[in-house]
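This report concerns only the one structure given below.
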Amino acid sequence: MNVENVMVTGANRGIGLEFVRQLSRLSEAPKHIFATYRSPDSLKDLKEIEESSKKSKIILIKMDVTCPQEIEAAKRLVEETVGERGLNLLINNAGVAQPAFFPNITSENLALHFKVNTEGPIMVLQAMLPILEKAAQVQGSGAGMSVSRAAVLNMTSMAGSITNTGFVFTEDLAVPSYKISKAALNMAMRVAAANAKDKGILVVMMCPGWVKTDMGGRDRGVLEPEESIAAMINTLSTLDETHHGVFMDREGIPYPF
């Protein structure tokens, strides 16, 4: 997988942080990794990776995915940096999960999850779309779809599967707003995939598994971040147009909507 320019949202912790770490250590590491964060108070680990990176230039960007002004500012910075080479890979990772048991879900809890987990990735993708298109155009229309050309990886969850909800895995019923927002994200990105197909931009939705992070639960998760991200990066290198618009696990196996 040879990816020149990458953007990772929510890169200051958990899955996003590990993506930055592992991408910067690839044998063919990206030239630029744009790592976004929401709060300057949580940058210690990300700054350590930035300072130690020898192959990639890691550019830290303050960007709350719910703030249009910050998304627009990030877009301008990415454009100025990559020029006509464009953005090859957008990893929509920023997210939130807060418990709220049915039938006591509040409108505030629903709104928060939708704003961050569904609306945020849509707004970020729409802003970055022209820069992704530039990257797709570099290789030309005959190149086929791949992460090395132009792609959007959306961090979703098996919890967002409507088919399996309440039947296969029931512990996630404790976070109904999260589940609803991820199901909505899957639909949103299926719509985006249908519209981006002719632009040569690969769009996929991938579940990283139940990872030991602050959001996933360090004491309850079953996967270390290193294991999950290594599997996803390996899968990314194998994706092509047959995976466009697919909801999958970290190994690339399709998962039911």
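The values are calculated or read from the model by the stated rules, or taken from the named source; none is laboratory data. From a predicted model like this one, the values you see are computed outputs, not experimental measurements. Counting neighbours? That spans all protein chains shown, and the Cβs are built from the backbone with ideal geometry, glycine included. Note: accessible area is taken over every heavy atom of the protein model, side chains too, but ligands, DNA and RNA are not part of it. Shrake-Rupley method; radii C 1.70, N 1.55, O 1.52, S 1.80 Å.
From the Cα trace of region 116-237, what convex hull volume per residue do you get, rounded to a whole Å³?
114
Take the cross-link list K57/K197; K134/K197; K62/K134 and give me the ones stretching past 26 Å between alpha-carbons.
Beyond 26 Å between Cα atoms: K57/K197.
Identify the GluC sites (Glu not before Pro) of region 1-72 meeting these criteria: DSSP loop state and at most 15 other C-beta atoms within 10 Å of the C-beta.
Answer in residue order: E28.
Based only on the alpha carbon positions, what is the Kirkwood hydrodynamic radius of region 65-144, in angstrom?
Result for region 65-144 stands at 14.5 Å.
How about region 11-44: which trypsin sites (Lys or Arg not before Pro) there are in a DSSP loop, with at most 16 other Cβ atoms within 10 Å of their Cβ?
Answer by residue number: R25, K31.
Run the numbers on region 30-154 and let me know its relative contact order in percent, using alpha-carbon pairs under 8 Å that are six or more apart.
Values: 140 pairs, mean separation 34.5, N = 125.
The normalised contact order for region 30-154 reaches 28 percent.
Ordering L46, L112, L60 by accessible area with a probe of 1.4 Å, largest first, what comes out? Walk me through the intermediate numbers first.
Details: L46 0, L112 60, L60 40 Å².
Descending accessible area places them as L112, L60, L46.
Give the carbon-plus-sulfur fraction of the accessible surface of the chain in %, rounded to a whole number; probe 1.4 Å, heavy atoms of protein chains only. Let's see the in-between values first.
On the way: 6260 of 11900 Å².
Result for the chain: 53 percent of the exposed heavy-atom area is carbon or sulfur.
Can you give the % of DSSP beta bridges in region 154-257 that are antiparallel, to the nearest 5?
For region 154-257, the DSSP antiparallel bridge percentage is about 10.
Probe of 1.4 angstrom, ligands and nucleic acids ignored: what's the accessible area per residue over the chain, in square angstrom?
Working: 11900 Å² over 257 residues.
Here the residues of the chain average 46 Å² of exposed surface.
Evaluate the relative contact order of the chain (contact order divided by residue number), counting alpha-carbon pairs under 8 angstrom at least 6 apart; express in whole percent.
19
So how far apart, in nm, are the two label points at T66 and T242 if each is 7 Å from Cα heading toward Cβ?
4.1
What order do F167, F247, F257 take when sorted by accessible area (1.4 Å probe), most exposed first?
Working: F167 170, F247 0, F257 80 Å².
In descending accessible area the options line up as F167, F257, F247.
Give, to the nearest whole percent, the P(r) tail of the chain beyond 32 angstrom, counting all Cα pairs.
Numbers: 4889 of 32896 pairs.
Percentage above 32 Å: 15.
Quick one: ranking C67, C207 by accessible area, 1.4 Å probe, largest first, what do you get?
From most accessible down to least: C67, C207.
Report the Rg/Rh value for region 27-165, based on alpha-carbon coordinates and the Kirkwood definition of Rh.
Value, to two decimals: 1.01.
With runs of 4+ DSSP H residues as the only contributors, calculate the mean residue ellipticity of the chain at 222 nm using -39,500 (n - 2.57) per run, divided by the residue total and rounded to the nearest 500.
The per-residue figure over the chain is -12000 deg cm²/dmol.
For region 97-111, in order, what is each residue's ³J(HN,Hα) by Karplus, 6.51 cos²θ - 1.76 cosθ + 1.60 with θ = phi - 60°, in whole Hz (x at glycine and Pro)?
Ordered by residue, 3J(HN,Hα) equals 8, 10, x, 6, 6, 5, x, 10, 6, 9, 5, 5, 5, 4, 4 Hz.
Out of residues 5 or more away from I59 or on other chains, whose amide H comes under 5 Å of its own, with H placed 1.01 Å from N in the peptide plane?
Sorted by chain and number, the residues that satisfy this are I33, F34, A35.
Compute the helix-to-body angle for 14-24: its Cα long axis versus the longest principal axis of the chain, expressed 0 to 90° and rounded to tens.
That helix lies at roughly 20 degrees to the long axis.
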